[in-house]
Amino acid sequence: MSFSVSGVRIFCRRRAHMLLVAAMVCPLFAGQAFGDPRSAVPFAEARHATGEAADLESECFRFINMERQKNGLAPLALDEALSAIARGHSQDMAALGLIAHETPTGGTLQERLRRAGYSYQIARENVARAPTLHQAEAGLLSSTPHLKNLLATDVTHAGIGIVLGGDSRAPGIYLTQVLARPQPPPRTSEIQAVYQDRIAELRKNRGLGPLRIDPFLECFATHSLQQIGLPLTRERLERYFSAAAQDLRSLLSTEVGRLTIDVQMLAQPSSLRLNDCLQQTRARLLGAAVLEVKDPHGRPRVALLSIIGLAGD
């Protein structure tokens with residue numbers, strides 16, 4: 001997104017009684033993604049469980065850790081972001097009346113994790129439908145693939161999603177368990193080093209000289225990140241930089257005629273993107289700052305704010 005504030009241009013980059021069970025493992029690395037166009041998924045409708053479903057989810061989580069304890073394994077931590085993803089899939093399966101790891105509306109586990117912006121090293125999933133939670137748990141324990149997921153040593157977190165559903169011939173619950181090892185959070189120093197290296201490489205490949213790092217712009221970027229607050233929405237950015245426009249205008253000299261502000265929320269250095277104006281011949285100055293933050297689900301992220309000075313038109 002972009003908007004202008006008194007000569008300052010701002011960009012922001014920024015989801016019949018029977019038992020049926022299925023298990024899968026995704027030994028894949030996945031990065032974050034924001035604004036996925038596939039919006040017809042039930043994530044937003046299944047963020048929190050209430051009443052009986054919430055009680056069953058808590059019971060199921062205790063069941064997982066009891067089984068792990070019996071086998072001498074470390075307990076898993078409850079991850080609300082994974083629970084929201086699991087709950088959305090259970091809701092999707094209940095609406096469609098099926099048990100599957102992939103649905104027409106929700107896609108695969110990898111796709112659901114990616115749309116939710118969940119960065120992971122490995123992810124496993126168990127799904128089941130049964131008249132009761134006890135029967136679902138018994139079915140999972142009696143199945144080698146499901147038990148392997150429950151007792152996996154490569155996961156550290158779990159999310160549970162239970163939806164009460166089924167028709168009169170097959171009432172009961174739809175259960176999704178997502179077990180994962182989250183991607184470790186990036187270090188701010190790593191993000192900043194990768195950012196500067198990529199800018200230097202980009203400009204060198206374009207036959208352009210290096211940008212001059214401006215101490216005032218760096219200081220202003222650092223102060224801005226600390227003052228704007230989360231979440232970094234368009235409205236917050238516009239309000240903050242509108243108020244700060246007078247200070248920014250003091251930089252608009254004969255050398256710099258426009259300032260472009262770029263904001264990114266990063267889970268990993270690989271998701272970093274370079275603003276198009278960085279490859280322009282008019283780009284002159286750069287000031288950037290990074291800050292460790294939490295996303296709306298409490299996951300660690302790094303906010304990167306760049307102020308780029310361009311020569312006047």
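Structure notes:
- Residue that is at pLDDT below 85, closer than 20 Å to Val194 by Cα and open to solvent by 50 Å² or more (accessible area, probe 1.4 Å), where the choices are Ser253, Ser270: Ser270
- Any hit, the range 118-125, residues being within 16 Å of Ile173 (Cα to Cα), modelled with pLDDT of 90 or more and of a type in the set (Val, Ile, Thr): no
- Residue under evaluation Ser83, criteria (1) open to solvent by less than 40 Å² (accessible area, probe 1.4 Å); (2) at pLDDT 90 or above; (3) more than 15 Å from the chain's Cα centre (by Cα), criterion not met: (3)
- For the range 289-313, the tally of residues that are over 14 Å from the mean Cα position of the chain (by Cα) and open to solvent by 10 Å² or more (accessible area, probe 1.4 Å) stands at 6.
- Verdict on Gln279 being among the polar types (S, T, N, Q) and buried (at least 18 other Cβ atoms within 10 Å of the Cβ): no
- Residues being under 17 Å from the mean Cα position of the chain (by Cα), surrounded by fewer than 16 Cβ atoms within 10 Å (Cβ to Cβ) and part of a helix (DSSP H, G or I) are entirely absent from the range 120-143.
- Matching residues in the range 223-241 - criterion: being open to solvent by less than 60 Å² (accessible area, probe 1.4 Å) and either part of a helix (DSSP H, G or I) or among the polar types (S, T, N, Q) (or both): Ser224, Leu225, Ile228, Thr233, Leu237, Tyr240, Phe241
- Among the residues of the range 56-71, at least one is of a type in the set (Val, Ile, Thr) and either closer than 13 Å to Ile173 by Cα or open to solvent by less than 10 Å² (accessible area, probe 1.4 Å) (or both).
- Residues that are closer than 24 Å to Gly117 by Cα and either at pLDDT below 85 or among the hydrophobic types (A, V, I, L, M, F, W, C) (or both), drawn from the range 273-287: Leu274
- Test: Val256 is part of a loop (DSSP other than H, G, I, E, B) and of a type in the set (Val, Ile, Thr): yes
- Ala84 touching a strand residue (DSSP E or B) at 6+ places or on another chain (Cβ under 8 Å), part of a helix (DSSP H, G or I) and closer than 24 Å to Leu164 by Cα: yes
- Within the range 174-214, being of a type outside the set (D, E, K, R), loosely packed, with under 14 Cβ neighbours inside 10 Å and on the phi < 0 side of the Ramachandran plot holds for Pro184, Ser189, Ala193, Ala200, Leu202, Asn205, Gly209, Pro210, Ile213.
- Selected residue [of a type in the set (A, V, I, L, M, F, W, C) and more than 28 Å from the chain's Cα centre (by Cα)] from Leu217, Leu232: Leu217
The values are calculated or read from the model by the stated rules, or taken from the named source; none is laboratory data. Given the structure is predicted, the values throughout are model-derived calculations rather than measurements. Counting neighbours? That spans all protein chains shown, and the Cβs are built from the backbone with ideal geometry, glycine included. These area figures cover heavy atoms from the full protein model, side chains too; ligands, DNA and RNA do not enter into them. Shrake-Rupley method; radii C 1.70, N 1.55, O 1.52, S 1.80 Å.
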